[in-house]
Structures are given as structure tokens and as C-alpha cells.
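S.K.: Dropping a structure here in C-alpha cells format, bear with me for questions.
The values are calculated or read from the model by the stated rules, or taken from the named source; none is laboratory data. The structure displayed is predicted, hence computed values, not measured ones. Heads up, the Cβs are rebuilt from the backbone with ideal geometry, glycines too, and the neighbour counts pull from every protein chain shown.
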Amino acid sequence: MPLQDITPINDQLADIIVRADEPWIETQPDMAWMKVLWVGPETGRWVVLFKWNKGYVASPHKHLSDAHTFILKGKLKVRDGVLGPGDYDYEPNGVLHDATEALEDTEYLFICDGPIIFFDDDGLTRYQSWEEVARLRDAARG
């Protein structure tokens, strides 16, 4: 006799599979793209692959939640350090970034547990959360 019934109550639970042909979404012409792997409305988490050409610079930003970065190829200048293939970076909630630059053509996995705000000398310029990422994905799918 089983110890307990572990069958799911929610029969809608299923794996989410993203195929290799999921579109790359151009976020800056000829310089930066993202491939959306997952967005989680219930948690606010979102997971993307970023692909940045050498010389792309992401504007300064603040994480309003923690994030994880894993470099697959290339080099990324983050604050005073350089991340290369196989490097992992944990970014705690509240961390401030100045500009982040691709020193080479770079691809990396990014797992973000909530929103990010971008800013310049004049103030806030952009807000990005799972909702904006989902809208970009849905528009790319047509």
C-alpha cells in the first residue's frame, strides 16, 4: 500500500518544452537578441538566452530581485570583472550595474526572479519583467 497519494490535484501540470527553432528576438538592431525559454506569471521569474555581438552595451540597471547568469560563449564585462565561458554570476536583489559590455560575441543563460529597471543620468528609462518578456515572445511568434 502506498504511503500517500502523490498524484497531482491540478491535471493541467505539464512540462514546458522550448524547441531549438524558437525565434531569436532582436532587441537592438544587429547587436542584441533574446530567446525566451520560460516566463512564470505565478512567481515573476523569467528565463532567457541572450546573444550579444561584440561591442553591445546594456545600459545601467538595478535588479529588483535576484538573478543568475551563466556564460555559454564569449566574454562579458560586468562591473570591474570579466566573465567568460563557464563562469556563473549571482546577482542579489538590489544590485546596481553600470553599463555591461560584450567584449566578444557572447551568449549567456539568464534566470531572473523578478523585474529590472534601467536608468540613465536623467532617471528611469525602462522597466523589464516577465510581462514584457512574454509580450516580446508572443509578438515574435506572430
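S.K.: Please verify whether GLY55 is in a loop (DSSP other than H, G, I, E, B) and within 19 Å of ILE25 (Cα to Cα), treating the condition exactly as stated.
M.R.: yes
S.K.: Condition check: in contact (Cβ under 8 Å) with a residue 24 or more places away in the chain and either out of contact with any Gly (no Cβ under 8 Å at 6 or more places or on another chain) or over 20 Å from ALA32 (Cα atoms) (or both). Does VAL95 satisfy that?
M.R.: Yes: the conditions hold for VAL95.
S.K.: Within region 4-33, can you find the residues that are among the hydrophobic types (A, V, I, L, M, F, W, C) and in contact with a helix residue (DSSP H, G or I) (Cβ under 9 Å, 6 or more places away or on another chain)?
M.R.: Scanning region 4-33 gives TRP24, ILE25.
S.K.: Just checking, how many residues over region 35-49 are among the aromatic types (Phe, Trp, Tyr) and under 15 Å from SER65 (Cα atoms)?
M.R.: Residues that pass the stated criteria total 1.
S.K.: Given the conditions (1) loosely packed, with under 12 Cβ neighbours inside 10 Å; (2) within 18 Å of PHE50 (Cα to Cα), which single one is not true for ASP121?
M.R.: The one condition ASP121 does not meet is (2).
S.K.: I'd like to know if region 59-80 contains one or more residues that are touching a residue at least 60 places away in the same chain (Cβ under 8 Å), surrounded by 13 or more Cβ atoms within 10 Å (Cβ to Cβ) and under 16 Å from the mean Cα position of the chain (by Cα).
M.R.: Within region 59-80 (the criterion being touching a residue at least 60 places away in the same chain (Cβ under 8 Å), surrounded by 13 or more Cβ atoms within 10 Å (Cβ to Cβ) and under 16 Å from the mean Cα position of the chain (by Cα)), the answer is yes, since at least one residue qualifies.
S.K.: In region 34-50, how many residues are outside any strand (DSSP E or B), of a type outside the set (S, T, N, Q) and either touching a helix residue (DSSP H, G or I) at 6+ places or on another chain (Cβ under 9 Å) or surrounded by 16 or more Cβ atoms within 10 Å (Cβ to Cβ) (or both)?
M.R.: Count: 2.
S.K.: Would you mind stating whether PHE110 is touching a His at 6+ places or on another chain (Cβ under 8 Å), touching a residue at least 60 places away in the same chain (Cβ under 8 Å) and not in a loop (DSSP other than H, G, I, E, B)?
M.R.: yes
S.K.: Among what's in region 1-33 and is in a loop (DSSP other than H, G, I, E, B) and of a type in the set (Gly, Ala, Ser), pick the residue that is surrounded by the most Cβ atoms within 10 Å (Cβ to Cβ).
M.R.: Only one residue tops the list, namely ALA14.
S.K.: What are the residue pairs meeting all of these: first residue in region 119-142, first residue in a loop (DSSP other than H, G, I, E, B) and at pLDDT 95 or above, second residue surrounded by 11 or more Cβ atoms within 10 Å (Cβ to Cβ) and of a type outside the set (Ser, Thr, Tyr), Cβ atoms under 6 Å, and 6 or more apart or on different chains?
M.R.: Note: pairs meeting the criteria are SER129/PRO115.
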